[in-house]
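Working notes for the structure below.
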Amino acid sequence: MNDRGDLQILHIKGHVLAGPEDIRDELWVVDGRITYERPTGTSSRAARDIVTARGWVLPGMVDAHCHIGLDQQGPVDESTSEKQALTEREAGALLLRDAGSPSDTRWIDDREDLPRIIRAGRHIARTKRYIRNYAHEIEPGDLAAYVRREARRGDGWVKLVGDWIDRGEGDLASCWPRWALDEAIAAAHEEGARVTAHCFAEDSLRDLVEAGIDCIEHATGLTEETVPLFAERGVAIVPTLVNTATFPQLAEGGAKYPRWSEHMLRLHERRYETVRAAYDAGIPVYTGTDAGGSLAHGLVAAEVAELVTAGIPAAEAVSAATWGARRWLGRPGLEEGAPADLLVFDADPRGDVRVLGDPRHVVLRGRAVR
Ligand SMILES: [Zn+2]
């Protein structure tokens, strides 16, 4: 590939992992799209350079829980947002599900060089029950109206904060009564949006699932009781293990709330077991890093490795970041005619997922950006 990355026709030979069971020998990228048919003809196209690369090809990875336009303090400026998006791109994350941002990042959609974003609008939290400067902080009577509004602002998702520390109780506690969730999730579905919620603890999960939620973020509070419920309803989880790894540090800073600290430590201690139990029960699991709050961007490969540590087979963990996540989000992978958002690796990532951490080439909208 040349330095400018402005190839007209790219030919990749080797092992094209078009799907978990669909491995092909080669693909072409013509005018930014994937084709499995060798380009022919006498048009000007035939006169263009064909550049050949070799390796293992996967669809661009998905960071299904990150935040663009957000850092520890709240909204950030456009140049910081741009850096966040570029860091994801460099790591091979070409499709981001933004799990809540107070910034308007619509301008990114006009940038051919930046990853695609599926937004969940701005977080919706209970008053004084979330990180400052992040969320709309409201009371239950307003939840459905806010959900409707964020559904219209977003790209098919809405993000709730399902539980957070209740300082009165000194522990994690559910943020919303069941009736408010019923109304709000029905409103989102009416607007054609899916709903997800931040949940660390156990006690909000049943209400959220019974109210019809589509996904839970972190989901460290899954238990023997709620795992079957999620499985039965097909509610997905995005465990963000690279983030939940930091629970002990959070707990350390919570001396004023010993019950909360102990709870966080318990959730942390069983985090791998929890993810493994969810996977074994058939709950869809996808990769997300939670970058943009306190974590840096670009950790999607590290999250895949964490899923493997939790006991998910490597090929399934790869799927959680590629084919599976793309299907779940309604975006194509390496199908004929799909936009060429793909990665080329030196070895088979299903053999060793650490390979994902170092793509040889990153191709976004048909252009080699790395
Ligand atoms: Zn988050």
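The values are calculated or read from the model by the stated rules, or taken from the named source; none is laboratory data. These figures come from a predicted structure and were not determined experimentally. No Cβ is skipped: glycine too gets one built from the backbone with ideal geometry, and neighbour counts run over all protein chains shown.
Key figures
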item: Cβ-Cβ under 8 Å pairs, at least 6 apart or on other chains, the stretch 191-209 side over 10 Å from G162 (Cα atoms), far side part of a loop (DSSP other than H, G, I, E, B) and among the aliphatic types (A, V, I, L, M); result: V195/I213; E202/L222; V209/V235
item: Selection count where residues are within 25 Å of A173 (Cβ to Cβ), more than 16 Å from the ligand (Cβ to nearest atom) and in contact with a Leu (Cβ under 9 Å, 6 or more places away or on another chain), scope the stretch 273-296; result: 5
item: Residue in the stretch 91-100 that is among the basic types (K, R), outside any helix (DSSP H, G or I) and within 16 Å of the ligand (Cβ to nearest atom) present; result: yes
item: Close pairs (6 angstrom Cβ cut-off, 6 or more residues apart or separate chains): under 27 Å from I165 (Cβ atoms) in the stretch 104-128, basic (K, R) and more than 16 Å from the ligand (Cβ to nearest atom) anywhere; result: G121/R153
item: Residues located in the stretch 312-331, provided they are touching a residue at least 40 places away in the same chain (Cβ under 8 Å) and outside any helix (DSSP H, G or I); result: T322, L329, G330, R331
item: Residues of the stretch 215-236 classified as part of a loop (DSSP other than H, G, I, E, B) and farther than 20 Å from D182 by Cβ, total; result: 7
item: Strands (runs of 3 or more DSSP E) fully within the stretch 131-178 counting 3 or more residues that are among the β-branched types (V, I, T) and at pLDDT below 95; result: none
item: Filtered residues of the stretch 156-181 (kept if acidic (D, E) and buried (at least 17 other Cβ atoms within 10 Å of the Cβ)); result: D163, D166, D171
item: Total residues in the stretch 222-246, condition touching an Asp or Glu at 6+ places or on another chain (Cβ under 9 Å) and away from the ligand (no atom under 16 Å from the Cβ); result: 9
item: The lone exception for G212 - which of (1) touching a His at 6+ places or on another chain (Cβ under 8 Å); (2) more than 16 Å from the ligand (Cβ to nearest atom); (3) in a helix (DSSP H, G or I) it fails; result: (3)
item: Within the stretch 332-348, tally of residues that are crowded, with 24+ Cβ neighbours inside 10 Å, hydrophobic (A, V, I, L, M, F, W, C) and in a loop (DSSP other than H, G, I, E, B); result: 2
item: Condition met for D113 (modelled with pLDDT of 95 or more and within 16 Å of the ligand (Cβ to nearest atom)); result: no
item: Number of positions in the stretch 286-300 that are crowded, with 24+ Cβ neighbours inside 10 Å and outside any loop (DSSP other than H, G, I, E, B); result: 2
item: Meets criteria (under 20 Å from the mean Cα position of the chain (by Cα), modelled with pLDDT of 95 or more and away from the ligand (no atom under 16 Å from the Cβ)) for L299; result: no
item: Cβ-Cβ under 9 Å pairs, at least 6 apart or on other chains, the stretch 68-89 side without any contact (Cβ under 8 Å) to a residue 12 or more places away in the chain, far side of a type in the set (S, T, N, Q); result: D77/S103
item: Any hit, the stretch 353-360, residues being of a type outside the set (A, V, I, L, M) and within 23 Å of R233 (Cβ to Cβ); result: no
